[in-house]
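One structure is given here, and the rest of the page talks about it.
The values are calculated or read from the model by the stated rules, or taken from the named source; none is laboratory data. Bear in mind that the values here come from a model prediction, so they are computed numbers and not experimental data. Because the Cβ atoms are built from the backbone with ideal geometry, glycine has one as well, and the counts that use them run over all protein chains shown. Keep in mind that these areas ignore ligands, DNA and RNA; they rest on the heavy atoms of the full protein, side chains included. Shrake-Rupley method; radii C 1.70, N 1.55, O 1.52, S 1.80 Å.
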Amino acid sequence: MSFLSVRFLGFLTLVFAAYFLLPRRWQQKVLLCANMVFYLSAGVEYAGFILVTSFSAYWVAIFLERTTAAYKKLRENCRTREEKLANKQEAVGKKKKILAAGLVFNFGIWIVLKYTGFFLGNVRAVLGALGVSAVAVELPSFVLPLGISFYTFMAMGYCIDIYRGKYAAEKNFGRFLLFVSFFPHLVQGPFSRYDRMGETLYAEHAFSFDRLGEGLVRMLWGFFKKMVVADRLGIMVGQLYATAGNDGGVFVLVLMVFARLRLYADFSGYMDIAAGICRVLGISLQENFTQPFFARSIEEVWRRWHITLGEWFRDYVFYPVSMSGMAQKLGKRCRGVFSPMTARLIPSYLAMAVVWTATGLWHGATWYYVLWGWMNMGIILLGMQLAPLYTKVKQALKISDENRVFRMVQMGRTFLIFCYMEMFSGAGSTKAALGLTAALFRVHAGRITGGLSAFFPGLGSFSLCVVFTGLVLMGIADVWKEKGRSLQSLLQSIPMPVRFLGYAALFYGILLLGNTGADLTGGFMYAQF
Amino acid sequence: MDELREILQEIRPDLDFDKETSLIDDKLLDSFDIISIAGEINTAFDVEINVENLLPENFNSMEAMYELICRLQDE
């Protein structure tokens, strides 16, 4: 059930009504039923996958907690330091086995469904290169159960947290299933954390007109970004991908900038809808974007764009890998070879390589996405290595980090690199991406005489005005938020009659200007993961 | 405490570790700094900071890091 369908709006109305009209003690049950209806509407055959992952994660957490408690009790009888250490090591060993079983089982399901074709394709290529003729079988390609890349990560993050003793395991399976299958974050995130969301997810909420208003306005804003801006840009970007390689130069520049803006409007639009739904219900949903185009480095971009994915990889991959015995030993061995600063960073570099390979593969099961991940990593590492040089240059030129022009230059540079990365990932293949890269530096003035429409194919002058108006509004909203002010305060500062006229304009704007063609049911870009 | 101060100042000479009390919450230290600091502490104090110890409350100030070291040494 797409968030963009009329059916979903009907479903949502029923959920809101049941949530607030039935006794409050039933609210969790209402949401759990809503999750099941939402999930089953995507296909009954896939419901088993989310149930198996939820059930196994629930029991892994329980076993981990029981093991911790049992060894804590035994520890009370330990008298010497050696006995305590042995007790701790035994407990850690047992807990590691339980956690590993949960991780292997659940990530195993996800990997088999998502990466079997990629893995067998590579095996076939290697065998072919070695002169072994592989059996000519068609590579399998499974249809992924709805949200598997999101709910698997959230459930496994929960298990790792319990292993680390961060909080107590959930004892009620229904409550845990409610968290894993919660429909606003199921399709394309954010990657919610049980401890951050649980408190408001399980609490009883009274109906509030204020929350209803705020939530509906945020949902409207999300629909506007998706249906009025992103889907229009999608038409243009799709056509530019086909022609910009031949036209070169400015056309590729336009493509990469608007491909990124389109993804931002699409993905953040979804997040606004999801956050709006949660606001109405009184449930807190973690933000996934904090004005990414204000970032001054690619490293900072990833702290502002798809935040919860970056945080997941930081907490559950980057930290464990960089603190592992192997990474720490490697760092120590490198002390005599590299400078102390570089040697200290070796464990982090190793962890970065793992994180960005995994991030690339998470986005797509191809070497092309791995390359995209490595490019991100390369830019971040280059920035880190060149940091001392930058500092010296800045000192020589007497440029302060807070200098407005300098900040703008940094933001502009980061924005263009980030746009390039989006064009690269959207090109479809390494060959096509490299072709577009080469075309970026080729001047072909032939079609520039075609006027503005040549740069924005598929969009008439009216659509172009609509898109630019939408982008300007998005820009104003981001500037406001970057100044530390809430959008709510911006709206409250507008006189009420004007504000309500604005809401009405937004609502009718979506109805009249929304791209209600084929793309309406085409869904969101990140839902494919 | 002096040895810890030296380690911290070598890694981040731009920060005043005697004054800062929200190193993580104010995002003054990033993930790379934390890994570098944890690695150096493990070597210098012969303790084992593991991933479970990488919590904001353990790294928000020099004092908190020192308390973590003492706690790990006692274990």
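If I ask for residues that are crowded, with 17+ Cβ neighbours inside 10 Å and either within 12 Å of chain A (Cβ to nearest Cβ) or among the hydroxyl-bearing types (Ser, Thr, Tyr) (or both), which ones from segment B:60-71 would you list?
Of everything in segment B:60-71, just one residue is crowded, with 17+ Cβ neighbours inside 10 Å and either within 12 Å of chain A (Cβ to nearest Cβ) or among the hydroxyl-bearing types (Ser, Thr, Tyr) (or both), namely B:SER61.
Being at negative phi, hydrophobic (A, V, I, L, M, F, W, C) and more than 10 Å from chain B (Cβ to nearest Cβ) narrows it down to one residue among A:ALA351, A:ALA343, A:ALA327, A:ALA295; which is it?
Numbers: A:ALA351 fails: more than 10 Å from chain B (Cβ to nearest Cβ); A:ALA343 fails: more than 10 Å from chain B (Cβ to nearest Cβ); A:ALA327 fails: more than 10 Å from chain B (Cβ to nearest Cβ).
Exactly one of A:ALA351, A:ALA343, A:ALA327, A:ALA295 is at negative phi, hydrophobic (A, V, I, L, M, F, W, C) and more than 10 Å from chain B (Cβ to nearest Cβ), namely A:ALA295.
Return only the number of the condition from (1) open to solvent by 50 Å² or more (accessible area, probe 1.4 Å); (2) at negative phi that A:LYS398 does not satisfy.
(2)
When the residues of segment A:10-37 are narrowed to those that are touching an Asp or Glu at 6+ places or on another chain (Cβ under 9 Å) and open to solvent by 70 Å² or more (accessible area, probe 1.4 Å), which ends up nearest to A:PHE209 (Cα to Cα)?
Checking each candidate, the answer is A:ARG24.
Filter segment B:18-52 for residues that are hydrophobic (A, V, I, L, M, F, W, C), open to solvent by 40 Å² or more (accessible area, probe 1.4 Å) and within 13 Å of another protein chain (Cβ to nearest Cβ) and give the result.
Initially, segment B:18-52 is screened for residues hydrophobic (A, V, I, L, M, F, W, C), giving B:23-24, B:28-29, B:32, B:34-35, B:37-38, B:41, B:44-45, B:47, B:49, B:51.
Adding the requirement that they be open to solvent by 40 Å² or more (accessible area, probe 1.4 Å) leaves B:28, B:44.
Listed by number, the list holds a single entry, B:ALA44.
Based on what the data block shows, is A:THR116 touching a Phe, Trp or Tyr at 6+ places or on another chain (Cβ under 6 Å) and either surrounded by fewer than 21 Cβ atoms within 10 Å (Cβ to Cβ) or farther than 18 Å from A:THR68 by Cβ (or both)?
Details: touching a Phe, Trp or Tyr at 6+ places or on another chain (Cβ under 6 Å): no; either surrounded by fewer than 21 Cβ atoms within 10 Å (Cβ to Cβ) or farther than 18 Å from A:THR68 by Cβ (or both): yes.
No.
Can you tell me which residue is most open to solvent (accessible area, probe 1.4 Å) among those in segment A:172-201 that are charged (D, E, K, R) and farther than 20 Å from A:TRP26 by Cβ? I'd like the intermediate steps shown before the answer.
Applying the first criterion (charged (D, E, K, R)) to segment A:172-201 yields A:175, A:193, A:195-196, A:199.
Filter once more, keeping what is farther than 20 Å from A:TRP26 by Cβ: A:193, A:195-196.
Working: A:ARG193: 13, A:ASP195: 61, A:ARG196: 110 Å².
Ranking the candidates gives A:ARG196 first.
Return the pairs, sorted by first residue and then second, in which the second residue is open to solvent by 90 Å² or more (accessible area, probe 1.4 Å) and among the acidic types (Asp, Glu), the first residue lies in segment A:4-27 and is farther than 19 Å from A:GLY269 by Cα, the beta carbons are less than 6 Å apart, and the residues are 6+ apart or on different chains.
Close Cβ pairs (under 6 Å, with a partner that is open to solvent by 90 Å² or more (accessible area, probe 1.4 Å) and among the acidic types (Asp, Glu)) amount to A:ARG24/A:GLU204; A:GLN27/A:GLU204.
With (1) open to solvent by 50 Å² or more (accessible area, probe 1.4 Å); (2) among the aliphatic types (A, V, I, L, M); (3) over 30 Å from A:ILE380 (Cα atoms) as the list, and B:LEU55 as the residue in question, which single condition is left unmet?
Condition (3) is where B:LEU55 drops out.
Consider only pairs whose beta carbons are under 7 Å apart and that are at least six residues apart or on different chains; among these, list those whose first residue lies in segment A:60-73 and is within 18 Å of A:ASP161 (Cα to Cα) and whose second residue is aromatic (Phe, Trp, Tyr) and in a helix (DSSP H, G or I).
That search, which allows pairs on different chains as well, returns A:ALA61/A:TYR158; A:LEU64/A:TYR163.
A:GLY360 is checked against (1) exposed (fewer than 13 other Cβ atoms within 10 Å of the Cβ); (2) touching a helix residue (DSSP H, G or I) at 6+ places or on another chain (Cβ under 7 Å) and fails just one. What number does that condition carry?
It fails just one condition, (1).
Which of the residues belonging to segment A:354-368 are away from chain B (no Cβ under 14 Å), touching a Phe, Trp or Tyr at 6+ places or on another chain (Cβ under 8 Å) and in a helix (DSSP H, G or I)?
A:THR357, A:ALA358, A:THR359, A:GLY360, A:LEU361, A:TRP362, A:HIS363
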